[in-house]
Amino acid sequence: MRIELTAVTIDFRESAMSSPFLSCPTSPASTGGDPPSPEALACSLTVPGAPSSAQIARAAVRSVLHAYRLDPLAPCAEQVTGELVATAWRLDPGRSLYLAVRYRDDALRLSVYDGHALHPHPRLAAHCEARRRASLRVMAAVVRDCGGAWGFGESREPGGGTRTWASLPRVGAARYLG
């Protein structure tokens, strides 16, 4: 079979025979049903910029924490995730939001990236920052009660935007609502 594209000819018979791979590589044998180590937690999810995104993100975080045996952190992490995603949606509706969940050094780090770029005009930037902070008042109180930290700034992702994050120490987050 031959397919001709503008000035490009691909011969599938030759391509298949010249390939160094005779079969697809296989994954290593499973070590059993042991759950992954919490320190290996590195998960991300893209959600639509829609009102339902916070609910989707909370459910995903709850499932991920359960899979990594971090269930005691779920109530705190779900509250923070919902606030982060809802705020990102309100400030940048209709565009995809990216959620990253990491666990390192005995702390859970939740980051949400939205496409809302920083404003070059100082007054507009200050107004926008105040609006974001006001939208995250509940989350800020939860993070403070857990002994964590949070912030936001310019995203280093392609396309720019804003990265808003919260870091929740394991001990403090496990005591949330406890």
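The values are calculated or read from the model by the stated rules, or taken from the named source; none is laboratory data. Keep in mind that what you see is a predicted model, and the values were worked out from it rather than measured. So basically every Cβ, Gly included, is an ideal-geometry build from the backbone, and we count neighbours across all protein chains shown. Just so you know, the surface numbers come from the protein's heavy atoms only, side chains and all, with ligands and any DNA or RNA stripped out. Shrake-Rupley method; radii C 1.70, N 1.55, O 1.52, S 1.80 Å.
Largest first, how would Cys24, Cys128, Cys43 line up by accessible area (1.4 Å probe)?
These residues rank, largest area first, as Cys24, Cys43, Cys128.
Roughly how many percent of the accessible protein surface of the range 53-155 is carbon and sulfur, given a 1.4 Å probe and a whole-percent answer? The C+S portion of the solvent-accessible surface of the range 53-155 is 53 percent.
Across the range 128-144, coupling constants 3J(HN,Hα) worked out from phi with the 6.51/-1.76/1.60 Karplus curve, θ = phi - 60°, read 5, 4, 5, 5, 5, 4, 4, 5, 9, 4, 5, 4, 4, 5, 5, 4, 4 Hz, and Gly and Pro carry x. What the range 27-178 shows is 53 Å² of accessible area per residue, with the surface traced by a 1.4 Å probe over protein heavy atoms.
Under 15 Å from the Cβ of Gly178, count the other residues' Cβ atoms, weight Lys and Arg +1, Asp and Glu -1, and hand me the total. Don't skip to the answer; put the middle values down first.
Details: positive: Arg170, Arg175; negative: Asp71, Glu78, Asp145.
Once all neighbours under 15 Å are counted, the net charge is -1.
Taking Ser96, Ser155 and ordering them by how much accessible surface each has at a 1.4 Å probe, largest first, produces Ser96, Ser155.
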